[in-house]
Amino acid sequence: MQYEAETPEEYLAKIEKDWRKEVLENIRTLITSYAPELEEGIQYKMLCYGDKSRKLFHLNAQKAYVSLYVGNIDKIEHARDLLKGLDVGKGCIRVKKRPDLGQTNLEGFIKKTIDVWRAGGDTDC
């Protein structure tokens, strides 16, 4: 789904208050708490995180899942193991209804991806 929003606050206000908003806010918290230096903004009608030169993550509430876009997932060492139990594509992690994120290692993947980004590593497609 696409949300017409100019700011992250507007984006969050437009999302229905259901399980997708809860999951999106949990993932948002994982990103912002581990990497407060990342700027949160809007790009491609979804939340994005990065700096002025490049974006690291895009986060969006779809109709049946929450998507976390990360360039090329396989550029992160052991990514498939970290994301076991989640629906994963080449550059997208789809979190479906009511997963217990504590039972996944999405947090470990996010931290590892941020560490690669901080070190100047490539996570792009």
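Derivation of every value follows stated rules applied to the coordinates shown; laboratory data play no part. Source: prediction; values computed, not measured. FYI the Cβ positions are ideal-geometry reconstructions off the backbone, even for glycines, and counts take in every protein chain you see.
Restricting the search to the stretch 63-86, which residues are without any contact (Cβ under 8 Å) to a residue 40 or more places away in the chain, outside any loop (DSSP other than H, G, I, E, B) and charged (D, E, K, R)?
First pass over the stretch 63-86, keeping only residues without any contact (Cβ under 8 Å) to a residue 40 or more places away in the chain: 64, 67, 69, 73-74, 77-86.
Right, trim to outside any loop (DSSP other than H, G, I, E, B) and you get 67, 69, 73-74, 79-82.
Result: Asp74, Arg80, Asp81.
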Kindly provide the set of residues from the stretch 62-103 that are hydrophobic (A, V, I, L, M, F, W, C), farther than 16 Å from Leu30 by Cβ and more than 13 Å from the chain's Cα centre (by Cα), ordered by number.
Ala64
What is the number of the single condition among (1) touching an Asp or Glu at 6+ places or on another chain (Cβ under 7 Å); (2) more than 28 Å from Glu10 (Cα to Cα); (3) of a type in the set (Lys, Arg) that Lys96 does not meet?
(2)
Within the stretch 43-61, tally of residues that are over 14 Å from the mean Cα position of the chain (by Cα) and surrounded by 22 or more Cβ atoms within 10 Å (Cβ to Cβ)
0
Within the stretch 70-125, track down each residue that is exposed (fewer than 12 other Cβ atoms within 10 Å of the Cβ) and among the hydrophobic types (A, V, I, L, M, F, W, C).
Ala119, Cys125
